[in-house]
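The structure appears below as structure tokens.
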Amino acid sequence: MSNNLLYSGKAKDIFATDVEGVILARYKDQATAFNGVKKEQIAGKGVLNNKISAFIFEKLNAAGVATHFIEKISDTDQLNKKVNIIPLEVVLRNYTAGSFSKRFGVEEGIRLDQPIVEFYYKNDDLDDPFINDEHVKFLKIASDEEIAFLKEETRRINELLSDWFRQIGLRLIDFKLEFGFDQDGRIILADEFSPDNCRLWDAEGHHMDKDVFRRGLGELTDVYQIVWEKLQAIK
Ligand code: TMP
Ligand code: ASP
């Protein structure tokens, strides 16, 4: 399989398969933050994120969200539909935190009256800058209709996810999604959903996500394991 490597990312390697339109995503034991400036190998992280993301994507598929997820085939590997990734990080915020709190000088954990959707341009050389709808059009990344769809779909996914996490005592503070065009030119949800790309706070305000690594608050895999165990109780 290793000679079919299509792309090596920070958290996953992507391989071609024998099946047309299907790729294999292999989750890695690597944690990075601040655009790769902080980097560590953390044994067990890949296995945890593969199972957490597979679990969430299965539930999203079942709820009628079009996603790239096909099936989990081993501890670290899953099969996904091949897409052309849209170079946007679509971030939705339910509460203030992270770069939002920094940008506006507000404390973390304030509930927003309405969830806020933001776009970041996926470009490591530029450090994934914050961009608006007009910039998305200037860069010819997406049309007005596609931008509207990305926002609506992200809000719909937020309602599902927020409810699931609420059921297990976790607050979904914010998260990042990526979308892609499938073989038929339809926009579908891609990439992953794991504690690497969302913020989850428990009832006491403990960070149950990659902020434990970004901010040096504890053992990443201990926290991800707790999230995984809690997920089993979702209805
Ligand atoms: P931020 O507050 O740092 O902008 O992050 C917002 C959300 O996006 C948070 O849940 C973490 C996630 N995220 C990623 O998944 N990848 C990234 O590169 C960054 C900066 C944030
Ligand atoms: N994903 C980014 C990185 O790998 C940043 C982050 O998640 O904080 O550096």
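List of remarks:
For (1) crowded, with 18+ Cβ neighbours inside 10 Å; (2) basic (Lys, Arg); (3) closer than 20 Å to Lys10 by Cβ, each residue gets a yes or a no:
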| site | (1), (2), (3) |
| --- | --- |
| Leu150 | yes, no, no |
| Asn158 | yes, no, no |
| Arg166 | no, yes, no |
| Phe175 | yes, no, yes |
| Gly180 | yes, no, yes |
| Gln183 | no, no, no |
| Asp196 | yes, no, yes |
| Lys210 | yes, yes, yes |
| Gln232 | no, no, no |
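- Annotation note: of Asp128, Asp209, the sole residue that is over 14 Å from the mean Cα position of the chain (by Cα) and within 16 Å of ligand 1 (Cβ to nearest atom) is Asp128.
- If the condition is being surrounded by fewer than 17 Cβ atoms within 10 Å (Cβ to Cβ), closer than 16 Å to Phe175 by Cβ and of a type in the set (A, V, I, L, M), then region 92-116 contributes Leu112, Ile116.
- Considering region 12-109, the qualifying strands (runs of 3 or more DSSP E), each wholly inside and each with 1 or more residues that are away from ligand 1 (no atom under 16 Å from the Cβ), run over 12-16, 22-27, 38-41, 69-72, 77-81.
- Identity of the residue in region 61-73, over 13 Å from Asp191 (Cα atoms) and touching a residue at least 24 places away in the same chain (Cβ under 8 Å), that ends up surrounded by the fewest Cβ atoms within 10 Å (Cβ to Cβ): Ile73
- Test: residue in region 46-58 that is among the hydrophobic types (A, V, I, L, M, F, W, C), within 17 Å of the chain's Cα centre (by Cα) and farther than 24 Å from Tyr224 by Cβ: no
- Flag if Glu145 is outside any helix (DSSP H, G or I) and more than 16 Å from ligand 1 (Cβ to nearest atom): no
- Of the residues making up region 174-202, those that are out of contact with any strand residue (DSSP E or B) (no Cβ under 8 Å at 6 or more places or on another chain) and either among the β-branched types (Val, Ile, Thr) or near ligand 1 (Cβ under 10 Å from one of its atoms) (or both) are Ser194, Pro195.
- Among (1) surrounded by 20 or more Cβ atoms within 10 Å (Cβ to Cβ); (2) farther than 19 Å from Asp128 by Cα; (3) polar (S, T, N, Q), the one test that Ser162 misses: (1)
Here, each number is a calculation from the coordinates, and none is a lab measurement. Just so we're clear, the structure is a prediction, and the values are computed from it rather than from any experiment. Glycine gets a Cβ as well: all are built from the backbone with ideal geometry, and neighbour counts include every protein chain shown.
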